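The structure under discussion appears below in the form of structure tokens.
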Amino acid sequence: MDKQLTDVLKVIHQHNISYWLDSGTLLGLQRDGQLMEHDRDIDLSVWDSEEAKIKEMIPYFRQAGYQIYSASYKGKCFKYTFTPHNLHKDRIIDIDIFREVQGHAWCPMYYFNLNAAKKEKETAKKSSLLGGLRSVIRTGWKQFNTRFPLHVKIDSLPWRTFVNLGTWWIPKTYFATIIFDDRLETYIPQEWESYLSFRYGNWQEPCDDWVFYRDDGGIQDTDPGLLLDSQ
């Protein structure tokens, strides 16, 4: 196990937080036996009942050198991000907070407008320029988060202007039973294989041109409020 992940999980276990490994972290450990080198986030998920415990462990992460970022939608927090001061050495810790509705687990997700999928008629030159601009924005955003605490109301101005808002929309059955994996010494969904297939399709084979907001089977490209109103 990665030392940073082991240290993070130790704090989470000490605070009795019910969680599970998710997204690229779960994928890397199950497919490759290690965290993916290009994935600079550690992905964890919890139900909303665990939020108070997450707040209680914030001082431990601050003492360890992390800066705290959080995001809310319609007054409810859906993400905590712990950003290390040294991004070249350590990964960002992302904790998504899920809620239940109509047999699904849901959580808002967003990405900056400039991350939007390329149009088919885009020229190679324009595509390259946008790629460079996206990289600069991502780097600047991460560096900002290493220095300043921040809470973002993602559905309010000015943030709503700069982001595309969607929804993690996962059949609750995938999260219904969370088990402790003795090999990984951490908690994962019991049906992790079918869950990874739902999210990534042929998850056993790496995909070089994967774009999460375009290709992830767990994402609905719809504002959470509109999606919930349709249920």
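Taken together, the values in this text are just the output of simple stated rules run on the coordinates, not laboratory data. Note that the structure is predicted; figures quoted are calculated from it, not measured. Using ideal geometry, Cβ is built from the backbone for each residue, glycine included, and neighbour counts are taken over all protein chains shown.
Could you tell me the relative contact order of region 153-215? Use alpha-carbon pairs under 8 Å, at least six residues apart, and round to a whole percent. Can you show the working numbers first?
Values: 30 pairs, mean separation 10.9, N = 63.
Relative contact order comes out at 17 percent.
Through the Karplus equation 6.51 cos²θ - 1.76 cosθ + 1.60, θ set to phi - 60°, convert the phi angles of region 213-220 into ³J(HN,Hα) values in whole Hz; use x for Gly and Pro.
With coefficients 6.51, -1.76 and 1.60, one gets 6, 9, 10, 6, x, x, 10, 9 Hz.
Work out from phi, with θ = phi - 60° and the Karplus expression 6.51 cos²θ - 1.76 cosθ + 1.60, the ³J(HN,Hα) of each residue of region 85-102, listed in order in whole Hz, and give x for Gly and Pro.
Whole-Hz 3J(HN,Hα) from phi for region 85-102: 5, 9, 6, 6, 9, 10, 8, 6, 9, 10, 10, 8, 10, 9, 10, 10, 7, 6.
Using r as the Cβ-Cβ distance of R40 and Q102, and R0 as 30 Å, what FRET efficiency do you calculate, to the nearest 0.05?
Details: r = 34 Å, r/R0 = 1.13.
Efficiency at R0 = 30 Å is approximately 0.30.
Hey, with R₀ at 41 Å, roughly what FRET efficiency would W159 and D208 work out to, going by the Cβ-Cβ distance, to 0.05?
Numbers: r = 31 Å, r/R0 = 0.76.
Using R0 = 41 Å, I get an efficiency of 0.85.
Would you mind checking the pairs K55/K153; K10/K74; K10/K89; K3/K172 and listing those with alpha carbons more than 24 angstrom apart? Don't skip to the answer; put the middle values down first.
Details: K55/K153 17 Å; K10/K74 32 Å; K10/K89 19 Å; K3/K172 31 Å.
Those over the limit are K10/K74; K3/K172.
What ³J(HN,Hα) values, in whole Hz, does the Karplus curve 6.51 cos²θ - 1.76 cosθ + 1.60 give for region 42-55 when θ = phi - 60°, with x put for Gly and Pro?
10, 9, 10, 10, 9, 7, 5, 5, 9, 4, 4, 5, 4, 4
So if I take the centroid of the Cα atoms in region 71-102 and the same for region 171-228, what is the distance between those two points in Å?
One Cα centre to the other: 16 Å.
Take the Cβ-Cβ distance between Y60 and S230 as r, set R0 to 41 Å, and report the resulting FRET efficiency rounded to the nearest 0.05.
Using R0 = 41 Å, I get an efficiency of 0.55.
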